[in-house]
Amino acid sequence: MDEISKLMIEQLKDAHSAEKQALRAMQKMAKQATNEKLKQGIQMHMEQTEGQIERLEQGLERLGGKPGRKVCEAMRGLVEEANHEMGENDKGAMMDVVLIAAAQRIEHYEIAAYGTMATLAKSAGQQELARLLGETLAEEKRMDEELTRIAESEVNRTWIEECRAEEQEMESANENRRGGARRKAS
Ligand code: FE
Ligand code: FE
Ligand code: FE
């Protein structure tokens, strides 16, 4: 097997491991999400991910490789962080913000990986492989944009409003206490 195919196989195997890990992480993340759009967005991307895994298997087959036991260490770290964050928070507005933060980190890693792989495939004259990788790349980019939209339109606002309402409650409780003390002094 030539050197170029060997390297591309290693990259595809890494992405295959990354997608499998991401799929398991998204299962947990969807359960922790409160916002309906966020939950549905993650579930929709889980379905896409199954297709992405298939594309990677097709790509590997074209090059004469197979998935194997390679573990994507970067995705392992990203998933570890996500799990840690999920353990630190209860379900609710803040958890949703944290879920988007973790999910976008995962998407950005995938965008980097597929962008590079698609370019390499194209450079090597592997048009069909480049097309498969390009399809997945577009899905990852759309997911990243969708997460930004959900953050801007709902999740961030809900959490920030919740925080401000809490601050205001504390402030008025303090004022009542001070007022009570003044009345006692007079
Ligand atoms: Fe993916
Ligand atoms: Fe990796
Ligand atoms: Fe993704």
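The values are calculated or read from the model by the stated rules, or taken from the named source; none is laboratory data. Quantities reported herein were computed from a predicted structural model and do not represent experimental measurements. Neighbour counts run over all protein chains shown; Cβ positions are idealised from the backbone, glycine included. Surface accessibility is based on the protein's heavy atoms, side chains included, excluding ligands, DNA and RNA. Shrake-Rupley method; radii C 1.70, N 1.55, O 1.52, S 1.80 Å.
Things worth noting here:
- Qualifying residue in region 133-155 (condition: over 22 Å from Ala25 (Cα atoms), in contact with a Phe, Trp or Tyr (Cβ under 9 Å, 6 or more places away or on another chain) and of a type in the set (Gly, Ala, Ser)): yes
- Ser5 within 17 Å of the chain's Cα centre (by Cα) and surrounded by 15 or more Cβ atoms within 10 Å (Cβ to Cβ): no
- Matching residues in region 122-181 - criterion: being closer than 19 Å to Leu63 by Cα, open to solvent by less than 70 Å² (accessible area, probe 1.4 Å) and not aliphatic (A, V, I, L, M): Gly125, Gln126, Glu128, Gly134, Thr136
- Residue match in region 97-105 (condition: touching an Asp or Glu at 6+ places or on another chain (Cβ under 6 Å) and of a type in the set (Val, Ile, Thr)): yes
- Test for Ile53: is it touching a helix residue (DSSP H, G or I) at 6+ places or on another chain (Cβ under 6 Å) and closer than 30 Å to Arg164 by Cα: no
- Qualifying residue in region 158-179 (condition: touching a residue at least 40 places away in the same chain (Cβ under 8 Å), part of a helix (DSSP H, G or I) and under 22 Å from Ile53 (Cα atoms)): no
- In region 17-39, residue least open to solvent (accessible area, probe 1.4 Å) [restricted to those that are within 16 Å of ligand 2 (Cβ to nearest atom) and charged (D, E, K, R)]: Glu19
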